[in-house]
Amino acid sequence: MSRATSALNRLAVPARRALLPIADGLGGVTSQARALPDFLICGAQRSGTTSLFKALCSHPAISGPTLRKGVHYFDTGYHHGLSWYRSHFPLRGGLRSRWGRPRTLVFESSPYYLFHPLAPERIARELPGVKIVVLLRDPVERAYSAHAHETARGFETESFARAIELEPKRLAGAEERLIEDPGHYSHSHQHHGYVARGHYVDQLLRMEARVGRERMHVVDYADLFDGTSRALEEIVRYLDLPTTPMAAPGRHNARKRSVMPDSLRAELTARFTESDARLADWWGRTPSWSM
């Protein structure tokens with residue numbers, strides 16, 4: 001990461017927010033001199049993407065966008081155009097290989113990319129050759145965590161059980177409308193897909209159809225948080241970067257939750273059984289939560 005970008009991204013959240021308009025304005029003026037991402041963390045939401053983002057930013061040859069984790073261009077911001085997207089990333093001049101250091105790779109992390117039906121096609125068109133990193137978590141735990149997250153952000157007012165009950169109605173026709181009208185935005189599709197987002201295999205197949213399986217690296221949540229840096233080192237190798245000592249990722253954005261009722265957990269687990277079996281076939285391994 002460039003020294004300037006690294007210093008800005010280490011600022012406290014209020015300071016970063018205060019500086020965002022200035023940074024965005026400067027980025028817009030210098031957009032054509034800025035890099036586009038070499039790889040993307042595309043999700044899944046509430047599967048450790050923030051922790052992975054912070055951990056990868058500690059690598060000396062990896063840089064994120066200025067003052068933010070994700071840009072949300074390929075899902076909700078696509079209407080802004082590619083020049084707007086470029087404006088969020090470091091200047092190309094500071095990323096070049098020099099003095100034995102490899103070229104710095106640029107990335108961002110926007111977890112909605114995996115679930116948005118048009119994101120894979122847009123990624124393939126705008127970033128040919130980009131690599132995709134996906135984190136997967138027990139879909140039952142992911143759903144419960146997502147509900148707590150959306151509630152804390154003010155996007156959910158119903159209990160978890162009620163939100164699960166309402167989900168089919170909330171999401172009815174949303175994906176079809178997003179595909180038919182690329183300018184359409186669905187609040188519920190982005191914020192209320194607790195069960196739908198956990199059917200990973202369909203989302204991975206959609207991404208594979210656009211970018212190719214060889215450009216996708218899928219990580220199990222349990223491996224990322226096993227207390228070692230092994231999952232990080234595998235990602236670094238996948239990116240063709242030299243390995244460097246990296247600390248095990250910390251946990252970020254965790255929220256306190258009550259215990260999920262056993263009956264609801266059993267019901268949700270059963271709803272993911274078929275999807276998880278298809279995922280195992282596609283992935284070539286059994287997900288940690290199915291062992």
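Throughout, read-outs are computed from the coordinates displayed, never taken from laboratory work. Bear in mind that the values here come from a model prediction, so they are computed numbers and not experimental data. Note: ideal-geometry Cβ built from the backbone for every residue, glycine included; neighbour counts use all protein chains shown.
Descriptive notes on the structure:
- Between 0 and 90°, nearest 10: helix 13-29 axis offset from the chain longest Cα axis: 60 degrees
- With Cα atoms, 0 to 90° folded angle of helix 160-171 axis to the chain main axis: 80 degrees
- The long axis of helix 200-211 is offset from the longest Cα principal axis of the chain by roughly 40 degrees.
- Taking 7 Å steps out from each Cα toward its Cβ at R278 and S159 produces label points 3.1 nm apart.
- Farthest toward positive dipole pole in the chain [+1 Lys/Arg, -1 Asp/Glu at C-beta], among S288, S83, T273: S83
- Remark: the T243-R101 segment gains 49.9 nm on full extension, using 0.36 nm per residue and subtracting the alpha carbon distance.
- Rel. contact order, % - alpha carbon contacts under 8 angstrom, at least six apart, the range 179-267: 17 percent
- Cα gyration tensor shape of the range 131-227, rounded if a/c is under 1.5, else prolate or oblate by comparing a/b with b/c: oblate
- With the helix formula -39500 (n - 2.57) applied to DSSP H stretches of n ≥ 4, the chain reaches a computed 222 nm mean residue ellipticity of -12500 deg cm²/dmol.
- Annotation for the range 64-132 versus the range 237-264: alpha-carbon center distance of 22 Å.
- With K and R counted +1 and D and E -1, the other residues having a Cβ less than 9 Å from that of A231 yield a net charge of -4.
- Charged side chains reduced to their Cβ positions (Lys and Arg at +1, Asp and Glu at -1) give the range 193-291 a dipole of some 400 debye around its Cα centre.
- Label-to-label distance, A33 versus R255, with points set 7 angstrom from Cα along the beta-carbon direction: 4.1 nm.
- Simple spin-label estimate for H79 and A152 gives 3.0 nm between the two label positions (7 Å along the Cα-to-Cβ direction from each Cα).
- The relative contact order of the range 138-291, computed from alpha carbon pairs under 8 Å that lie at least 6 residues apart in sequence, is 28 percent.
- Mean separation of Cα pairs under 8 Å and 6 or more residues apart, divided by the residue count, gives the chain a relative contact order of 22 percent.
- Shape call, the chain: gyration tensor on alpha carbons, a/c limit 1.5: prolate
- The lysines within cross-link reach of K69, meaning a Cα-to-Cα straight distance under 29 Å and a gap of 8 or more places when in the same chain, are K54, K131, K256.
- Extended-chain gain in nm, criterion 0.36 nm per residue less alpha-carbon gap, E233 and T286: 17.0 nm
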